Amino acid sequence: MPTESAPIGAPQPGILAFGTTHHAYLEFDLTVDASTEVLRGVVGALDESLVTGAGSMAVVGFRPEMWAKLVPEHVLPGLAGFNRPLRGLDDFTMPATQHDVAIWVQGGAQDAVFDLSRTLINAVSTWATLADETEGWVYHHHRDLTGFVDGTENPHLSQLPGVVQVPDGPAAGGSVLLLQRWPHDVQAWESLPVADQERVIGRTKETDAEFDPKPPSSHIARTDQDDLGDILRRNTAFGTASAHGTMFVGIGAGSDVMQKMLDQMAGVDGLRDALTFYSHPETGGYYYLPSVEQLDPYRPDLSEE
């Protein structure tokens, strides 16, 4: 008789915590050598924030090379950090600003996210120092600060486990996170007539209707998930009224699809994404997001309480 495949484990709850309106992206560098004790300390410091049911929660990710060193039994083959800049057409560059640990805080109110962020920064300070911090929020439900709908091509909810979780192998159940902060050239973008903005994106601004055919250099043509594969985007807005942009938050079962998208946006194949003339990344890092079961051995032993 055929045997049933083993369950792959649960993703960290915050990965699919849709509806949270306020976010913080905290990236840390270790101040001590990576060790199992450090991993246990960081995960333990986050323990209660990794579950749902409170006003705010967190997702934790690790530089792939660090995770592979400390937890070799749960490594995703081929996964690496964003360790080198991506250079494309016309000297367009996506910088590599890889850090050791990423903590993504989210919740329904800014004060709750602020409080948890402060708590977690202090809690991990024994082992790591904060290297980069960005506050994000949801803008008009589902639009980014270009004024266009963001995340239109996200897979249906029923498809998400297969999109965001490694399906099998030693890393089964885990996920991969790509964080990039993209400030916009606000003056240049807002000087474009709406019709020109629509050609840059490849959709109408008001109704979100996709152009057919899509302009070859349009953003949706360069990142078409029908061609490249699916990921989950949970992007948010960031910044102030005068200086702002999009925090790209991509989640997948690996980095391959996201890397192909970045390559095509940068114009590695000779055609650069039109949106990159009005927005550019200033950060970039890949993080492995362990499943709940992969984190469990490093959480405090509740049975001892």
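Brief remarks on what is shown
- Taken over segment 56-67, the criterion of being in contact (Cβ under 8 Å) with a residue 24 or more places away in the chain and surrounded by fewer than 22 Cβ atoms within 10 Å (Cβ to Cβ) is satisfied by MET66 alone.
- Matching residues in segment 200-224 - criterion: being part of a loop (DSSP other than H, G, I, E, B) and either surrounded by 16 or more Cβ atoms within 10 Å (Cβ to Cβ) or touching a residue at least 12 places away in the same chain (Cβ under 8 Å) (or both): GLY202, THR204, LYS205, ASP208, PHE211, LYS214, PRO215, PRO216, SER217, SER218, THR223, ASP224
Results for (1) at pLDDT below 95; (2) part of a helix (DSSP H, G or I), shown as yes or no for each residue.
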site	(1), (2)
GLN180	no, no
TRP189	no, yes
ALA195	no, yes
GLU198	no, yes
ASP226	yes, yes
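- Considering only residues in segment 263-305 that are at pLDDT below 95 and in a loop (DSSP other than H, G, I, E, B), the one that is farthest from PRO95 (Cα to Cα) turns out to be GLU305.
- Count - residues of segment 235-262 that are outside any strand (DSSP E or B) and under 14 Å from ARG143 (Cβ atoms): 1
- Of the residues making up segment 165-178, just one is in contact with a helix residue (DSSP H, G or I) (Cβ under 6 Å, 6 or more places away or on another chain), among the hydrophobic types (A, V, I, L, M, F, W, C) and not in a loop (DSSP other than H, G, I, E, B), namely LEU178.
- Hits in segment 44-76 - residues which are over 14 Å from VAL105 (Cβ atoms), assigned to a helix (DSSP H, G or I) and under 19 Å from the mean Cα position of the chain (by Cα): PRO64, GLU65, MET66, TRP67
- Count - residues of segment 94-116 that are within 19 Å of the chain's Cα centre (by Cα) and farther than 20 Å from PHE18 by Cβ: 8
The values are calculated or read from the model by the stated rules, or taken from the named source; none is laboratory data. Every value quoted in this text rests on a predicted model; they were computed, and no experiment measured them. Cβ atoms come from the backbone with ideal geometry, glycine included; neighbour counts cover every protein chain shown.
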